[in-house]
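Only one structure is covered here, and it is reproduced in the block below.
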Amino acid sequence: MNLHEYQAKELLQQFGVAVPKGIKVTSQQEAVEAAKELGGPWVVKAQVHAGGRGKAGGVKFVRTLQDVEELSGRLLGSTLVTHQTGPEGVPIHALLIQDGVDITKEYYLSCLVDRSKKRIILIGSSEGGMDIEEVAAKTPEKILTLTIDPTAGVQPYQARDLGFRMGMAKKQVDQLVKVVSGIYNLFVQKDCSMVEINPLIVTNDGQVMALDAKISLDDNALYRHKDTAEMRDPSQEDEREHIAHEIGLNYVALDGNIGCMVNGAGLAMATMDVCKLHGGEPANFLDVGGGATAERVARAFKLILSSDKVKAILVNIFGGIVRCDTIAQGIIDAVKEVGLTLPVVVRLQGTNVEAGREMLAKSGMNIMAADDLTDAAKMAVAAAAK
């Protein structure tokens, strides 16, 4: 789950990381009032879940209240298209009115999990304010990493060493120790998957603070954090993915025309791979879970059909925890309920598989049974091409 910049900065402040003064607003009037409260000049920043806001016109430096009013009126309610959003863009429902600060130097700092090392790592660079991927590609020597021992946590000497290697002066290195400790503690205590400060700035008076921030939270741990779970903004998510989240399904929208419904993430990935192998394009990743019920299957069908790109549906279910005849009944009920006219290819394996196949065969519906995944994928690709 991603957070908006203003939310990320609220969390950073809770863990002792300095940020510029800023106020989140949702209307022109609020924007002007916030600007008056802060004093000028200001930076007006669109609050969307996407990088590249500045290049797309979503971040502007302004000097007058009239400019704040005009810009906020133009941004609020509009759609911002960046290199990360795709052509459909994302809606702007909120802005951050922030103090304009004088910047002496920009750095990069982030915290994430290195799965190959099975450790949390800190990444620092003297090249802040740029895409870190570009820095890594062109000047990899400027990407500095720090691996944290989970039993000891991050140590002050490690933060100081990182700061000096990034080219910071001693005064700023002393402040960096607090910043590094803050983002590490935030990362661990709030079950984050990423905390990124880009840029981490040094102001003209020598203060180190987070000018921009991005935080991603581990969805699997949100049950432990009611406060951060409430920060979810459905307007920034694909509507179908949000609906799936609310009803307990794992769904990711894709660009193809074969709707896939599978139980188990690994089996879902394999199903999509086999579809691609035989010339098809999956319209989605959809894992209904090991405990799939007839009701969940019906909901999954409705979710798949919410995309007008879908021309055929491939159901690939392994009946282990749940019986195949239960799934078959769910498929039949779902096809009846939604009035499905698209071809459905079903491959069942596992407990009560023969009973499940017999139910599908006798349903009298446009349901094609397949014995193995390869046959099922070929049938689905052919059906989608008609």
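The values are calculated or read from the model by the stated rules, or taken from the named source; none is laboratory data. Here the structure is a predicted model, which is why all the values come from computation and not from measurement. Glycine gets a Cβ as well: all are built from the backbone with ideal geometry, and neighbour counts include every protein chain shown.
Here is how the numbers come out for the structure above:
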read-out	value
Failed condition for Ala328, given (1) assigned to a helix (DSSP H, G or I); (2) surrounded by fewer than 16 Cβ atoms within 10 Å (Cβ to Cβ)	(2)
Selection status of Met365, more than 31 Å from the chain's Cα centre (by Cα) and not in a loop (DSSP other than H, G, I, E, B)	no
Selected residue (only one of Leu222, Leu254 is crowded, with 16+ Cβ neighbours inside 10 Å, closer than 29 Å to Arg296 by Cα, in the same structural domain as Arg119 (by TED's automatic domain parsing) and within 24 Å of the chain's Cα centre (by Cα))	Leu222
Boolean, Leu96 is surrounded by 19 or more Cβ atoms within 10 Å (Cβ to Cβ), farther than 18 Å from Val195 by Cα, within 21 Å of the chain's Cα centre (by Cα) and modelled with pLDDT of 95 or more	yes
Unmet criterion (only one of (1) surrounded by fewer than 22 Cβ atoms within 10 Å (Cβ to Cβ); (2) in contact (Cβ under 8 Å) with a residue 60 or more places away in the chain; (3) under 20 Å from Ala385 (Cα atoms); (4) under 26 Å from the mean Cα position of the chain (by Cα)) for Leu277	(4)
Subset of the range 107-131 [in a strand (DSSP E or B) and without any contact (Cβ under 8 Å) to a residue 60 or more places away in the chain]	Asp114, Arg119, Ile121, Ile123, Gly124, Ser125
1 or more residues among the β-branched types (Val, Ile, Thr) and within 30 Å of Lys21 (Cα to Cα): qualifying strands (runs of 3 or more DSSP E) within the range 209-322	213-217
Verdict on Gly16 being over 23 Å from the mean Cα position of the chain (by Cα), part of a loop (DSSP other than H, G, I, E, B) and at pLDDT 95 or above	yes
Count - residues of the range 161-181 that are in contact (Cβ under 8 Å) with a residue 60 or more places away in the chain, under 12 Å from Leu122 (Cβ atoms) and of a type outside the set (A, V, I, L, M, F, W, C)	1
Residue in the range 297-325 that is surrounded by the most Cβ atoms within 10 Å (Cβ to Cβ), counting only those that are charged (D, E, K, R) and closer than 16 Å to Val346 by Cα	Asp325
Lone qualifier among Ile148, Ile215, Ile197 - being surrounded by 15 or more Cβ atoms within 10 Å (Cβ to Cβ) and farther than 24 Å from Ala94 by Cβ	Ile148
Filter result for Leu340 (more than 20 Å from Asp273 (Cα to Cα), among the hydrophobic types (A, V, I, L, M, F, W, C) and in contact (Cβ under 8 Å) with a residue 12 or more places away in the chain)	yes
Unique match (being in contact with a Lys or Arg (Cβ under 6 Å, 6 or more places away or on another chain) and at pLDDT below 95) among Val59, Val81, Val90, Val44	Val59
Test: residue in the range 233-250 that is surrounded by 15 or more Cβ atoms within 10 Å (Cβ to Cβ), at pLDDT 85 or above and among the acidic types (Asp, Glu)	yes
Search result, residues across the range 19-43 that are surrounded by 16 or more Cβ atoms within 10 Å (Cβ to Cβ) and closer than 26 Å to Gly182 by Cα	Val19, Pro20, Gly22, Ile23, Lys24, Leu38, Val43
Restricting the range 132-160 to residues that are assigned to a loop (DSSP other than H, G, I, E, B) and touching a residue at least 12 places away in the same chain (Cβ under 8 Å), the residue that is nearest to Val177 (Cα to Cα)	Val154
Residue satisfying condition, being in contact with a strand residue (DSSP E or B) (Cβ under 9 Å, 6 or more places away or on another chain) and on the phi > 0 side of the Ramachandran plot, within set Gly16, Gly39	Gly39
Output for the range 56-91, where each listed residue is within 26 Å of Asp255 (Cα to Cα) and either crowded, with 18+ Cβ neighbours inside 10 Å or touching a residue at least 24 places away in the same chain (Cβ under 8 Å) (or both)	Ala56, Leu80, Val81, Thr82, His83, Gln84, Thr85, Val90, Pro91
